[in-house]
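Each reported figure results from applying straightforward, stated rules to the coordinates on display, with no laboratory input. Model, not experiment: these values are computed from the prediction. Here the Cβ is made from the backbone with ideal geometry for all residues, glycine too, and neighbour counts use every protein chain on show.
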Amino acid sequence: MSELAVILQKHWLWLRSEEGGERADLRGALLRGVNLRYAELIRARLSHADLSGADLSHADLYYADLHEAKLNYADLHGAYLRRADLRGADLHMANLIEADLIEADLRGTDLTEANLNGARTETEEEAQNEARNGRD
């Protein structure tokens, strides 16, 4: 089993408060092009990681720390990034189609040429309030 697979397995156990569980700490890791499709990375530490070109489609990254991570050209189609820390992250040319970015911290994030079609950045309630106030 690869080192990454072991980390992901321990993280899965940690999420369930099971014995042997440990929060994933992949800060600064070189993970270019890695397949993390449908991965459960809730609250994972991925700051400064290089995930360029990685497949994170449909991954659960709720509250994940992706501060200053390199996610250029990454596939985040349908990813759950609610409340994720993406401050200063590089999402240049990333695929964020239908991603959930509600309450994600996007300060200083590079979204140049990222595909945000269908991405959610506000709750339905916020959208309805804006529509009622004529600001949509």
*asked:* What is the angle, in °, between the Cα long axis of helix 3-15 and the longest principal axis of the Cα atoms in the chain? Nearest 10 is fine, range 0 to 90.
replied: 70
*Taking the C-alpha atoms of the chain, how large are the radius of gyration and the largest Cα-Cα span, Dmax, in Å?*
15.3, 55
*Beta carbons within 10 angstrom, averaged per residue: use that to sort the peptides 58-68, 15-25, highest first.*
58-68, 15-25
*asked:* Under 8 Å for C-alpha pairs, at least 6 residues apart: give me the relative contact order for the chain, rounded to a whole percent.
replied: 14
*Arg107 versus Leu13, label points 7 Å from Cα toward the beta carbon: distance in nm?*
3.7
*Net charge near Arg107: determine it from the other residues with C-beta under 13 Å of the C-beta of Arg107, scoring Lys and Arg +1 and Asp and Glu -1.*
-4
